[in-house]
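One structure is given below, encoded as structure tokens.
What follows draws every value from the coordinates through simple rules; no lab data is involved. These figures come from a predicted structure and were not determined experimentally. Every residue, glycine among them, receives a Cβ derived from its backbone with ideal geometry; neighbour counts consider all protein chains shown.
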Amino acid sequence: MFTGLIREVATVKSFVGSTLTIKAKYKANLGDSIAINGACLTIVKVNPDGFAVELSPESQKLLAIQNYKNEVHIEPAMTMGERFEGHIVQGHIDTIGTIKEIKNNGNSYDIFVTVDKQFIPYIVPKGSITIDGVSLTVNDVGAAEFRLTIIPHTMKETLFKNYKKGSKVNVETDMFARYVAHIIKHQKSTSLSWDEVDAINASF
């Protein structure tokens, strides 16, 4: 599990075949889980200046793989007892989004992202979303796009500073929205009893 708070912007040393080699200050351990641009991956090699992870063909097909070069966001998996901030992030990318527009408001930036319409039900106004591993709040949701507002600090300290119109990004929608939508979809009736609602809440 992750929080969507970026630990470090690390450097890609190489990406050959299925092996992505990262230069980072973070000291990793073999077998650790780590989110790279929001995707949960396993550390398969530890180097003096960083580590390597392996991306299966399936992962490479599903991710915005063109962003796995130059610099990437990294976040180690949470450990027991750590302070919880951000929101609950699984590191399971749902879809690739496309940045439609970046609007500079002076003291903030509005970023409009388009996604396949099938994922819109899992994107909730004022809810949480993860973009390339960064925990953000959704402001507005349309038929096939949503709007984020980013403060200058986030823009400066993350890879958002490099994004432009047409950039592809990894999107993980809100876990709770996905689970509730899945449960409701598979209900035989269109209404839930209070016992069923309690059972859904207890599952979290």
| query | If Lys and Arg each add +1 and Asp and Glu each add -1, what is the summed charge of the other residues whose beta carbon sits under 13 Å from the beta carbon of THR21? | reply | +2
| task | Treating cross-link reach as a plain straight distance, find the lysines whose alpha-carbon is under 21 Å from the alpha-carbon of LYS103, omitting any fewer than eight places away in the same chain. | result | LYS126, LYS156, LYS161, LYS164, LYS165, LYS168
| request: Arrange LYS45, LYS100 by Cβ neighbour counts within 10 Å, fewest through most, would you? | output: LYS45, LYS100
| message | Can you tally the net charge around LYS165? Count Lys and Arg as +1, Asp and Glu as -1, for every other residue whose Cβ sits under 10 Å from the Cβ of LYS165. | response | +1
| message | Sort ILE43, ILE93 by Cβ crowding within 10 Å, fewest neighbours at the top. | response | ILE43, ILE93
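Given C-alpha coordinates of the stretch 1-80, what is the ratio Rg to Rh with the Kirkwood estimate of Rh? Please list the in-between numbers first.
On the way: Rg = 11.4 Å, Rh = 12.4 Å.
Reported Rg/Rh (Cα atoms, Kirkwood Rh): 0.92.
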| said: From the phi angles alone, apply the Karplus equation (6.51, -1.76, 1.60; θ = phi - 60°) to the stretch 66-73 and give each ³J(HN,Hα) in whole Hz, x where the residue is Gly or Pro. | reply: 5, 8, 8, 8, 6, 10, 9, 7
| task | Would you mind listing how long the stretch 138-188 runs along its three principal axes, going by Cα atoms, in whole Å with the largest first? | result | 48, 20, 18
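If you take the square roots of the eigenvalues of the alpha-carbon gyration tensor of the stretch 1-149 and sort them as a ≥ b ≥ c, do you get rounded (a/c under 1.5), prolate (a/b over b/c) or oblate?
Prolate shape, in that a/c is at least 1.5 and a/b is the bigger ratio.
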| said: Using amide H atoms built in the peptide plane, which far-off residues or other-chain residues are under 5 Å from VAL124 H to H? | reply: ASP174
| Can you give the angle from 0 to 90° between the axis of helix 175-185 and the longest principal axis of the chain, with both taken from C-alpha atoms, to the nearest 10? | 40 degrees
| Taking square-rooted eigenvalues a ≥ b ≥ c of the alpha carbon gyration tensor, is the stretch 95-180 rounded, prolate or oblate, where a/c under 1.5 means rounded and, failing that, a/b exceeding b/c means prolate? | prolate
| remark: Ordered by fewest other Cβ atoms within 10 Å, a rough proxy for footprinting exposure, HIS153, HIS73 read HIS153, HIS73
| field | Simple spin-label estimate for GLU54 and SER33 in nanometres, 7 Å along Cα-Cβ | value | 1.8 nm
| note | Phi-derived 3J(HN,Hα) across the stretch 10-22 with the Karplus relation (6.51, -1.76, 1.60, θ = phi - 60°), rounded Hz, x for Gly and Pro, is 9, 10, 7, 7, 6, 9, 10, x, 9, 9, 9, 9, 10
| request: Report the local net charge at THR42: Lys and Arg +1, Asp and Glu -1, summed over other residues whose C-beta lies under 11 Å from its C-beta. | output: -1
| note | Scoring the stretch 95-180 by relative contact order with C-alpha pairs under 8 Å, at least six apart, yields a percentage of 38 percent
| field | Estimated vicinal HN-Hα couplings, Hz - the stretch 35-40 in sequence order (Karplus 6.51, -1.76, 1.60; Gly, Pro = x) | value | 8, 10, 6, x, 9, 6
